[in-house]
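Report on the following structure.
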Ligand code: GLN
């Protein structure tokens with residue numbers, strides 16, 4: 001604890017050195033998370049004999065709950081645990097969840113998943129908030145830092161997303177692992193990497209100075225009375241009580257609808273209550289944060305077609321003209337692959353532009369994010385012009401669409417994390433980061449609805465009909481994205497006013 005916050009934030013060069021440790025903890029956590037997420041649908045169908053539709057609905061429900069819990073995790077971090085303890089507690093729950101699944105995935109499937117949902121809620125928003133605290137509020141290098149951190153996220157996603165399912169299916173190490181043990185090992189791997197993430201974090205803590213300390217800690221940046229121990233233990237117990245509730249909620253898809261319709265309005269009411277307690281300048285910034293959060297729902301709603309309708313499109317309508325690769329594999333991991341290389345480059349581009357005073361501000365970056373997303377979807381639409389009469393089109397061209405969509409993601413997602421930390425008052429950082437991810441929960445939810453709307457091809461329709469229906473849908477989504485981008489850019493003077501000195 002020998003570094004002061006000032007010493008940390010006054011770092012020389014492009015990145016603070018602590019970012020690397022947070023990068024690795026988050027990378028392993030995302031390995032665990034995406035490793036598990038990548039196995040869910042396949043495991044439910046092939047091992048638990050779920051119907052396709054049921055498996056998809058339950059998958060959607062887990063995703064919605066995971067991101068909804070980030071709000072709870074962020075809130076408790078602000079009020080009681082602090083970022084570090086929250087992260088540690090979340091990591092422990094994720095390890096327990098993965099171990100339960102490793103022990104007997106067939107019997108304890110939903111129990112293991114419920115632990116992971118709650119654990120991710122405590123881990124995910126709070127590590128991102130700590131990255132934000134490595135920077136002074138107006139440090140123009142923050143977006144580049146978040147872009148680098150985002151590369152770590154995607155490196156974990158790519159490795160976990162590929163390795164876990166490949167082991168489970170026996171495609172990797174199939175000769176060494178007996179058939180009956182493959183899924184246990186695959187889930188066990190998620191537990192092992194999560195342990196690495198936490199060990200790495202324990203060593204990181206030493207270099208974090210006062211960042212992430214519990215409220216009430218004598219050295220904490222936000223001064224408050226010492227936190228009574230019962231409150232801390234109360235949070236731990238409460239989060240365990242959530243587990244059986246989540247198990248139930250995930251297993252009945254209609255509950256997700258009720259949940260989504262209630263949790264959003266309640267969260268907004270709570271936010272307005274917190275907004276009534278801050279200064280008027282802080283309140284304006286929170287309004288600006290809310291604009292970004294609301295737009296991001298639309299972004300993720302369109303973007304997250306990748307897990308739904310685009311995976312069906314990839315399976316039915318794409319050839320293997322890209323190095324003979326499997327179209328679904330490319331759809332699942334192409335984005336993460338591009339991000340690993342592009343995120344640091346785009347981060348450096350922001351720094352380069354900032355030095356020349358030509359860096360676009362956050363609203364314009366968001367607007368560009370939507371415009372790239374829209375262009376990417378127009379490219380998806382255009383795949384129809386390369387199709388043969390059987391409705392099979394080019395994977396190469398599809399991959400170009402992924403690249404353009406990824407550029408959009410990089411203008412919005414890491415920038416969103418960064419702006420949340422800049423616009424939130426000190427005592428609301430975790431909660432606002434949680435709200436940012438809650439928007440992703442709604443995005444996933446909206447994505448499912450949009451995807452279902454796209455799947456209007458009739459029984460007996462040919463692959464060619466499906467191609468036309470899907471690509472027509474993508475054209476419409478492209479248009480919505482471009483319109484959203486233009487609206488954001490038009491709104492920019494107004495949002496800028498709310499943001500005040502923040503860029
Ligand atoms: N892919 C990113 C991550 O896993 C963003 C997720 C999101 O906000 N929807 O962190």
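In the set 390, 429, which member is within 22 Å of residue 69 (Cβ to Cβ), touching a helix residue (DSSP H, G or I) at 6+ places or on another chain (Cβ under 6 Å) and either away from the ligand (no atom under 16 Å from the Cβ) or not in a helix (DSSP H, G or I) (or both)?
Details: 390 fails: within 22 Å of residue 69 (Cβ to Cβ).
Only one candidate passes the filter, namely 429.
Residues of segment 128-147 being under 15 Å from the mean Cα position of the chain (by Cα) and more than 24 Å from residue 282 (Cα to Cα), which ones?
Correct list: 147 only.
Tell me which helices (runs of 4 or more DSSP H) are completely within segment 1-80 and hold 3 or more residues being within 15 Å of the ligand (Cβ to nearest atom), touching a residue at least 60 places away in the same chain (Cβ under 8 Å) and buried (at least 19 other Cβ atoms within 10 Å of the Cβ), or say none if there are none.
Numbers: elements: 5-9, 18-46, 52-76.
Correct list: 18-46, 52-76.
Among the residues in segment 83-104, are any buried (at least 24 other Cβ atoms within 10 Å of the Cβ) and farther than 26 Å from residue 130 by Cβ?
yes
Would segment 324-343 turn up any residue that is part of a helix (DSSP H, G or I), in contact with a helix residue (DSSP H, G or I) (Cβ under 7 Å, 6 or more places away or on another chain), more than 16 Å from the ligand (Cβ to nearest atom) and more than 24 Å from residue 384 (Cβ to Cβ)?
No: zero hits.
For segment 291-308, give me each residue that is closer than 14 Å to residue 367 by Cβ and within 11 Å of the ligand (Cβ to nearest atom).
Scanning segment 291-308 gives 296, 299.
Could you look through segment 393-426, keep only residues that are outside any helix (DSSP H, G or I) and out of contact with any strand residue (DSSP E or B) (no Cβ under 9 Å at 6 or more places or on another chain), and pick out the one that is farthest from the ligand (Cβ to nearest atom)? Write out each step before concluding.
Pass one, segment 393-426, residues outside any helix (DSSP H, G or I): 393-394, 424-425.
Subset that is out of contact with any strand residue (DSSP E or B) (no Cβ under 9 Å at 6 or more places or on another chain): 424-425.
Numbers: 424: 16, 425: 22 Å.
Among residues in segment 393-426 that are outside any helix (DSSP H, G or I) and out of contact with any strand residue (DSSP E or B) (no Cβ under 9 Å at 6 or more places or on another chain), the one farthest from the ligand (Cβ to nearest atom) is 425.
Any chance segment 138-148 includes a residue that's surrounded by fewer than 24 Cβ atoms within 10 Å (Cβ to Cβ), farther than 14 Å from residue 239 by Cβ and within 16 Å of the ligand (Cβ to nearest atom)?
Residues of segment 138-148 surrounded by fewer than 24 Cβ atoms within 10 Å (Cβ to Cβ): 138-141, 148.
Narrowing further to those that are farther than 14 Å from residue 239 by Cβ: 138-141, 148.
When the remaining residues are screened for being within 16 Å of the ligand (Cβ to nearest atom), the result is 148.
Scanning segment 138-148 turns up at least one residue that is surrounded by fewer than 24 Cβ atoms within 10 Å (Cβ to Cβ), farther than 14 Å from residue 239 by Cβ and within 16 Å of the ligand (Cβ to nearest atom).
Results for (1) surrounded by 24 or more Cβ atoms within 10 Å (Cβ to Cβ); (2) closer than 30 Å to residue 356 by Cα; (3) modelled with pLDDT of 95 or more, shown as yes or no for each residue.
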residue: 115; (1), (2), (3): yes, no, yes
residue: 119; (1), (2), (3): yes, no, yes
residue: 128; (1), (2), (3): yes, yes, yes
residue: 164; (1), (2), (3): yes, no, no
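Examine segment 442-459 for a residue that is modelled with pLDDT of 90 or more, within 12 Å of the ligand (Cβ to nearest atom) and part of a helix (DSSP H, G or I), and state whether such a residue exists.
Here is the first cut: in segment 442-459, the residues modelled with pLDDT of 90 or more are 442-443.
Okay, now just the ones that are also within 12 Å of the ligand (Cβ to nearest atom), so 442-443.
Filter again for part of a helix (DSSP H, G or I), leaving 442-443.
Yes, segment 442-459 contains a residue that is modelled with pLDDT of 90 or more, within 12 Å of the ligand (Cβ to nearest atom) and part of a helix (DSSP H, G or I).
The values are calculated or read from the model by the stated rules, or taken from the named source; none is laboratory data. Here the structure is a predicted model, which is why all the values come from computation and not from measurement. Please note: Cβ atoms are built from the backbone with ideal geometry, for glycine as well, and neighbour counts cover all protein chains shown.
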